[in-house]
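The values are calculated or read from the model by the stated rules, or taken from the named source; none is laboratory data. Keep in mind that this is a model prediction, so the values were computed, not measured. Counting neighbours? That spans all protein chains shown, and the Cβs are built from the backbone with ideal geometry, glycine included. We work out accessible area using only protein heavy atoms, side chains counted, and drop any ligands, DNA or RNA first. Shrake-Rupley method; radii C 1.70, N 1.55, O 1.52, S 1.80 Å.
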Amino acid sequence: MKKTLRIGFAMGGGVSLGTFNGAALTQTLKLAVLRGNFTDVQVDCFSGASAGAMSLAVMLRGLVSQTPDELQKARLALTEEFGEEFLQLPEGSDRQRNLLAAQVVQAAQEDIWVRQISIERLLDDGAGPGHALRHTAGFLNRATVEKIAHDAIRFDTETLDLSGKRLLADRVLFGCALNNLTPILMDARSEFTSNKLFFSSLAEGMTSWAHREMRVFDLMFGNVAVATLDDEKEHPSRWFRYRAGDFAANKTSDLRTRKAWSTIAATAVASGAFPGAFEPVVLTRHSFEYGYQDAENPGLWPEELAGRATHPFTYSDGGAFNNEPIRDCFRMCSFLDAKGGAEEFERWIVFVDPNVEEPATVFQLPLHQSHCLKDSGDLSLTDKRHVQRLQSLDRLLPFAGSLLAAIMNEARGIEGDKIFKTHKRFALRDGVRSVLADALGSQPAPSVMAALWKFIEEQLDSNRRNLLIPVGGLTPLAELRRVISEEKDLAPLLAELADPAARTEGPHKALWLRALAFVAVDLVMDMTGKSREPLLIAIAPDSPLPGSLMSGFGGFMSEEPGKFEVAQAR
């Protein structure tokens, strides 16, 4: 057996193609448990957008607890799929129980996406043919999705028993991409001037409206001490914190309650509220989620809401601006990995994209089409056509479509591109380190070391205050530990990490100077907390899926596309 495997799941949208996504991720989990040759498999990070957020919420809930009936069905399914390979697992062993839990989740995903979500149910929630749709701000009935989500996360006991969780780490981060229809003002003018007239003139250049958001849930499956939560370097205050313990005002809520899981489910449904198809979802957001501390430090909390702790914001499909939440998953995993834990572990980031069509540039815009061929409309036996000049509306509609596509393409950042750009920066960073290694061979004065330490602390504190998902451990010691693990020459410093005097008085002062300089370089290059170690695993179908028809709603027309996509994913 090898080391512990830590998995972060990132899942984008695709409407009915969530069928493929859910089956692919759970099959990955099953194979990692059965054939991965790891001492332990832990899922500690979920990052989802649109349908992906809903699938991950179902997976999260399913891994927390499973019913005896679900486990019995899972046992039969695994016996049919793997035969003796499954039956030879020791009865009651962790591998067997983990595999059963993964199969329970896969069956739940298939039941929801293939059988429960159908076009008939989306057009009527049982109140009468079309009755509910008369009063909703969408073509389809969101109440159907809400009921399915409620059934997926519900539990019959007064509180949810968390002792039966499988495959989940003791601390799990769950991020949902959101599109806030009430934009938040991003104002950078105060960084440049306090002059009132100059301040006003910068309104266009230094302000913008942000719709793209992410809600992060910090889920602790143990009764973590409230005092521990005061350390924002360990538990960032902008996250929605839950623990397996009683509610503590302004600190944490109880993960065992129905309200906790209703909030998680509602956030996932909001992330999947496809524009036009489903009515947007109203979520109560808290001022702490926007970094609000007090009137002097409001963070991103709107000035108009000063003095209010909460406000209902309206959300639609989070995939509109962040349909590939890979970078968010990397950041959350980086934050967790910096905390240590397993003595030796391997990190996987698993991303599923059900869309395989290659992007193609269209050089001929419909806007420029001024004429078209039109049937003559007479009763003659010959096929007669004539050239007709298009009316203004016939040209304006395609132009509106092109303009909307341009806005959406510009608004959406392809997260995969950003990840690979970061990988390219590793080479540049290594080059800078190589040059500095030769220059930093002296015996530094204590004042130099103190200045470097102060610079690093200030930059890390800035990251903690300004980033929703801070990267790395947020402390100089955590960053030093990372740099030392990357540079073999710095290995002697590992034993001296806990001794501040060693940095200025010990025999390795020159090495300490180099290590601190390397951390400072990473901060300046935005490489804090980043590592080459995580393995990005991308999963996609080998051909377009039938559910992708009709902008992704095709899979809801029949169970057949869903069954095909589950088989393809597995």
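Annotations for the structure displayed:
- Residue that is least open to solvent (accessible area, probe 1.4 Å), among those in the stretch 280-302 that are under 18 Å from residue 176 (Cα atoms) and part of a loop (DSSP other than H, G, I, E, B): 291
- Inter-residue pairs, beta-carbon under 7 Å, first closer than 26 Å to residue 169 by Cα and in the stretch 79-97, second open to solvent by 70 Å² or more (accessible area, probe 1.4 Å), 6+ apart: 89/95; 96/90
- Flag if residue 138 is part of a loop (DSSP other than H, G, I, E, B) and either touching an Asp or Glu at 6+ places or on another chain (Cβ under 7 Å) or open to solvent by less than 20 Å² (accessible area, probe 1.4 Å) (or both): yes
- Strands (runs of 3 or more DSSP E) contained entirely in the stretch 141-248, each with at least 3 residues that are among the small types (Gly, Ala, Ser) and either at pLDDT 85 or above or within 21 Å of the chain's Cα centre (by Cα) (or both): 168-187
- Checking the stated criteria, residue 49 turns out to be under 25 Å from residue 327 (Cβ atoms) and not aromatic (Phe, Trp, Tyr).
- Leading residue by the ranking (most open to solvent (accessible area, probe 1.4 Å)) among those in the stretch 243-276 that are touching a helix residue (DSSP H, G or I) at 6+ places or on another chain (Cβ under 8 Å) and aromatic (Phe, Trp, Tyr): 274
- Contacts under 6 angstrom Cβ, first residue in the stretch 492-503 being under 16 Å from residue 444 (Cβ atoms), partner polar (S, T, N, Q), 6 or more apart: none
- Residue count, the stretch 305-320 (criterion: open to solvent by less than 40 Å² (accessible area, probe 1.4 Å) and either modelled with pLDDT of 90 or more or more than 16 Å from residue 268 (Cβ to Cβ) (or both)): 3
- Checked against (1) at pLDDT 75 or above; (2) open to solvent by less than 40 Å² (accessible area, probe 1.4 Å), residue 387 passes all but condition (2).
- Filtered residues of the stretch 47-70 (kept if over 13 Å from residue 9 (Cα atoms) and not in a helix (DSSP H, G or I)): 50, 65, 66, 67
- Selection from the stretch 12-40 of residues that are within 27 Å of residue 161 (Cα to Cα), buried (at least 24 other Cβ atoms within 10 Å of the Cβ) and in contact with a strand residue (DSSP E or B) (Cβ under 6 Å, 6 or more places away or on another chain): 25, 33
- Residues that are in contact with a Phe, Trp or Tyr (Cβ under 7 Å, 6 or more places away or on another chain) and without any contact (Cβ under 8 Å) to a residue 60 or more places away in the chain, drawn from the stretch 543-570: 546
- Boolean, residue 540 is surrounded by fewer than 19 Cβ atoms within 10 Å (Cβ to Cβ), touching an Asp or Glu at 6+ places or on another chain (Cβ under 6 Å) and more than 30 Å from residue 474 (Cα to Cα): yes
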